[in-house]
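Comments concern the structure below.
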Amino acid sequence: MLLAIARNLIMTVNLQHNDLTIKLFDDSSYVVNTIDSPTQYDVIYNMDNFADYDFPTKHAIKVFKGGQLIKSAILLGAGGATSINSEAALVDNENLVIRCSNQIFSLTLPDLKMNWQVKPDWATCFSIHKYQDTYLVHGETSISRIDRMGNILWNYSGADIFVCLYEGTPFEMHEDFIFMTDFNGNKYKIDYDGNSI
């Protein structure tokens, strides 16, 4: 019963950029490769190139200006399932940088054209964060740093996945270091160049 209720709760994240409102949400009702889908989008990004697949991740993006919808897109992911939350995306200059499944996308604003996409984790990307002029990605199997052109500068992996089994926070950014905890409770401390401290 609780699982059914949780599935019906859709989190919407609204980001503001100048006179734009960017609305992000999960659209499980979207049906791939059919005009009969109950929802439609201007642009479809399916980086796994599966022609007929029930994608576990379907992140919708709608850009509004003055309350009017001006562009929409949907990101389809077949890696680890993710859902929209407050750490799923950020706006950097005139670009929306968003994680979907095991990939990171950079899309121009307001037209949602793709700058680049990269797969920093083979399993799942949980969150993306701005650090100086780069991005840090908390992935399931690795922590990654990516530059503004979509190049992976480094990856750091532990003995197990960066998920806490019982308590704690698996990924914390501090002024001079990053602190991680893996599934087995192992602790890791690295600098922003990906080196163990």
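The values are calculated or read from the model by the stated rules, or taken from the named source; none is laboratory data. The model shown is predicted, which means the values in this text are computed figures rather than measured ones. Ideal geometry is used to build each Cβ from the backbone, glycine not excepted, and the neighbour counts take in all protein chains shown.
Quick one: in region 153-163, of everything that is closer than 16 Å to Ser127 by Cβ and aliphatic (A, V, I, L, M), which residue is surrounded by the fewest Cβ atoms within 10 Å (Cβ to Cβ)?
Within region 153-163, the match that is surrounded by the fewest Cβ atoms within 10 Å (Cβ to Cβ) is Val163.
Scan region 50-62 and give yes if some residue there is touching a His at 6+ places or on another chain (Cβ under 9 Å) and not aliphatic (A, V, I, L, M), otherwise no.
There is no residue in region 50-62 that is touching a His at 6+ places or on another chain (Cβ under 9 Å) and not aliphatic (A, V, I, L, M).
Residue pairs, Cβ under 6 Å, 6 or more apart or interchain, first in region 171-197 and under 16 Å from Lys130 (Cα atoms), second assigned to a loop (DSSP other than H, G, I, E, B) and of a type in the set (A, V, I, L, M). List them.
Pairs that qualify, where the first residue is under 16 Å from Lys130 (Cα atoms) and the partner is assigned to a loop (DSSP other than H, G, I, E, B) and of a type in the set (A, V, I, L, M), are Phe177/Ile197; Asp191/Ile197.
Is it the case that Ile146 is in the same structural domain as Ala81 (by TED's automatic domain parsing), in a strand (DSSP E or B) and modelled with pLDDT of 95 or more?
Judged against the criteria, Ile146 is not a match.
If you scan region 161-197, which residues turn out to be assigned to a loop (DSSP other than H, G, I, E, B) and in contact with a Ser or Thr (Cβ under 9 Å, 6 or more places away or on another chain)?
Ile161, Phe162, Val163, Cys164, Gly168, Thr169, Pro170, Tyr192, Gly194
Between Tyr192, Tyr166, Tyr188, which is at pLDDT below 95 and hydroxyl-bearing (Ser, Thr, Tyr)?
Matching residue, one of Tyr192, Tyr166, Tyr188: Tyr166.
Would you please name the residue that is nearest to Asp147 (Cα to Cα), looking only at residues in region 164-197 that are of a type in the set (Val, Ile, Thr) and surrounded by fewer than 16 Cβ atoms within 10 Å (Cβ to Cβ)?
Only one residue fits best here, namely Ile197.
Can you name every one of the strands (runs of 3 or more DSSP E) wholly within region 8-70 that holds 3 or more residues which are among the polar types (S, T, N, Q) and either surrounded by 15 or more Cβ atoms within 10 Å (Cβ to Cβ) or at pLDDT 85 or above (or both)?
12-17
Is it true that some residue in region 83-93 is surrounded by 13 or more Cβ atoms within 10 Å (Cβ to Cβ), out of contact with any Pro (no Cβ under 6 Å at 6 or more places or on another chain) and free of Cβ contacts under 8 Å to residues at least 40 places away in the same chain?
Looking through region 83-93, none of the residues is surrounded by 13 or more Cβ atoms within 10 Å (Cβ to Cβ), out of contact with any Pro (no Cβ under 6 Å at 6 or more places or on another chain) and free of Cβ contacts under 8 Å to residues at least 40 places away in the same chain.
Looking only at residues in region 101-131 that are closer than 16 Å to Val91 by Cβ and among the polar types (S, T, N, Q), which one is surrounded by the most Cβ atoms within 10 Å (Cβ to Cβ)?
Ser106
Residue-by-condition table, conditions (1) out of contact with any strand residue (DSSP E or B) (no Cβ under 8 Å at 6 or more places or on another chain); (2) over 22 Å from Met180 (Cα atoms); (3) assigned to a strand (DSSP E or B):
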| residue | (1), (2), (3) |
| --- | --- |
| Phe105 | no, yes, yes |
| Trp122 | yes, no, no |
| Ser127 | no, no, yes |
| Val137 | no, no, yes |
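Hey, could you check region 70-93 for residues that are over 26 Å from Tyr53 (Cα atoms) and of a type outside the set (Ser, Thr, Tyr) and say which is nearest to the chain's Cα centre (by Cα)?
Filtering first and then ranking leaves Glu87.
Looking at (1) within 24 Å of Lys23 (Cα to Cα); (2) crowded, with 21+ Cβ neighbours inside 10 Å; (3) β-branched (Val, Ile, Thr), which is the one condition that is false for Ile143?
(1)
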